[in-house]
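Just so it is clear, none of the values below were taken in a lab; they were calculated from the coordinates. Owing to the predicted nature of the structure, the values given are computational and were not obtained by experimental measurement. So basically every Cβ, Gly included, is an ideal-geometry build from the backbone, and we count neighbours across all protein chains shown.
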Amino acid sequence: MVTETIKIEGMMCGHCQATVEKAIGTIAGVSELKVDLATKQATVTFDPAVTKLDVIKAAVTDAGYTVKN
Ligand SMILES: [Cu+2]
């Protein structure tokens with residue numbers, strides 16, 4: 001398992017947070033997820049044999065938010 005923290009721009013309320021949680025949380029291989037609205041970060045633990053950080057970032061982008069790192 002790998003844990004990565006990504007910075008997300010555009011999250012402004014609990015609804016945004018829930019949208020990002022759903023976008024990342026439904027990806028196969030993601031085992032742990034914490035989306036923090038205050039710091040605008042998502043900490044994601046995933047199995048690198050199943051998914052990649054790029055896939056997670058793309059899911060955030062597809063949901064309408066901007067990944068800053
Ligand atoms: Cu919002």
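Note down the relative contact order for region 1-48 as a percent, whole number, built from C-alpha pairs under 8 angstrom at least six residues apart.
On the way: 70 pairs, mean separation 24.5, N = 48.
51 percent.
Taking R0 as 25 Å, what's the FRET efficiency between Asp36 and Val2 from their Cβ-Cβ distance, rounded to 0.05?
Details: r = 19 Å, r/R0 = 0.75.
The value I calculate is 0.85.
Amide H neighbours of Leu33 under 5 Å, counting only residues 5+ apart in sequence or on other chains, H built in-plane at 1.01 Å?
Thr45
Any idea what angle helix 53-62 forms with the longest principal axis of the chain, computed on alpha-carbon atoms, 0 to 90 degrees, nearest 10?
Tilt of helix 53-62: around 30 degrees.
Treating each Cα of the chain as an identical point scatterer and ignoring solvent, apply the Debye formula and state log10 I(q)/I(0) at q = 0.20, 0.24 Å⁻¹.
Ignoring solvent entirely, the Cα scatterers give -0.69, -1.00.
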